[in-house]
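Peer 1: To start, I am sharing the structure in question, which I have written as structure tokens.
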Amino acid sequence: MIEKQVKQIVEKIAVNDYIMENMFCAPKGALGWLGGQLMSQDHWLPAWVLDLLEVHPSDSVLEVGSGPGVGMQLAAERAYQGTVVGIDPSETMLEMAHRRNRPLIEAARIELHLGSVEEPPFADATFDKAMTMNSLHLWPNQVAGLREIKRILRPGGRIAVAFTRFSYTSADKFRRQLLDAGFTDVSLHTGEPGTCALGRA
């Protein structure tokens with residue numbers, strides 16, 4: 001009897017892990033689309049992050065783990081004389097982001113790239129601002145990824161690492177990771193949308 005109950009629990013956990021993996025961690029297929037729709041409901045966090053970053057009209061902005069494209073859409077409204085670039089390892093997310101931002105992509109205001117933070121396809125000192133939301137904990141090596149972002153930020157460029165208010169991620173942990181990656185002027189901000197750490201390259 002106990003073995004049967006344990007087996008049922010293990011099977012339930014496996015199903016839950018599969019759902020979470022395909023909806024949010026590495027979105028793909030129908031579950032990925034559903035996860036993307038849920039992510040798209042939160043405009044509050046990216047708007048707050050962009051306020052903290054103080055995005056200027058001519059800025060070049062990078063979003064790592066750009067998801068369904070809401071953050072890029074909002075960034076493009078502020079950097080209306082600049083460029084907004086998103087990189088994401090999920091083809092499903094890129095397809096959703098492309099649909100959302102088609103006019104801005106066709107106008108060369110937004111670029112989408114399939115890839116990861118470990119090997120971003122950008123030259124040194126390319127961007128003025130960078131942001132990542134609800135994704136740092138999914139990176140294989142967080143500090144190495146943050147160092148890559150520092151490399152492609154211009155001197156004095158700013159980064160924002162943010163998590164929704166529903167996350168259990170340690171804010172102090174990603175503050176330390178920014179410092180370990182070589183960022184300066186690191187500060188933590190907490191508000192109703194979530195928690196955000198800012199740093200300067």
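Peer 1: Counting residues that are in the same structural domain as Gly145 (by TED's automatic domain parsing) and at pLDDT 90 or above, which helices (runs of 4 or more DSSP H) fully inside the range 26-106 reach at least 1?
Peer 2: 44-53, 70-78, 91-100, 102-106
Peer 1: What is the residue count in the range 122-152 for residues that are more than 18 Å from Arg175 (Cα to Cα) and either assigned to a strand (DSSP E or B) or free of Cβ contacts under 8 Å to residues at least 12 places away in the same chain (or both)?
Peer 2: Result for the range 122-152: 2.
Peer 1: How many of the residues in the range 166-196 are among the aromatic types (Phe, Trp, Tyr) and closer than 20 Å to Ala144 by Cα?
Peer 2: 2
Peer 1: If you don't mind, another one. Of everything in the range 146-165, what is at pLDDT below 95 and in contact with a Ser or Thr (Cβ under 8 Å, 6 or more places away or on another chain)? Give them in sequence order.
Peer 2: Passing the criteria: Ala162, Phe163, Arg165.
Peer 1: Further question on the same structure: Go through the range 153-190 and give me each residue that's surrounded by fewer than 20 Cβ atoms within 10 Å (Cβ to Cβ) and part of a helix (DSSP H, G or I).
Peer 2: Result: Ala171, Asp172, Lys173, Arg175, Arg176, Leu179, Asp180.
Peer 1: Then there's this: Does any residue of the range 64-77 turn out to be of a type in the set (Ser, Thr, Tyr) and in contact with a Gly (Cβ under 9 Å, 6 or more places away or on another chain)?
Peer 2: Checked against the condition, which is being of a type in the set (Ser, Thr, Tyr) and in contact with a Gly (Cβ under 9 Å, 6 or more places away or on another chain), the range 64-77 yields at least one hit.
Peer 1: All but one of (1) under 14 Å from the mean Cα position of the chain (by Cα); (2) buried (at least 22 other Cβ atoms within 10 Å of the Cβ) hold for His137, so report the exception by its number.
Peer 2: For His137, the failing item is (2).
Peer 1: Kindly evaluate Glu119 against the criterion of being out of contact with any strand residue (DSSP E or B) (no Cβ under 8 Å at 6 or more places or on another chain), among the charged types (D, E, K, R) and part of a loop (DSSP other than H, G, I, E, B).
Peer 2: When the stated conditions are applied, Glu119 passes them.
Peer 1: Scan the range 126-142 and give yes if some residue there is touching a helix residue (DSSP H, G or I) at 6+ places or on another chain (Cβ under 7 Å), at pLDDT 95 or above and more than 14 Å from Val85 (Cα to Cα), otherwise no.
Peer 2: no
The values are calculated or read from the model by the stated rules, or taken from the named source; none is laboratory data. All values derive from a computational prediction rather than experimental measurement. Don't worry about glycine lacking a Cβ; one is built from the backbone with ideal geometry, like all the others, and counts go over all protein chains shown.
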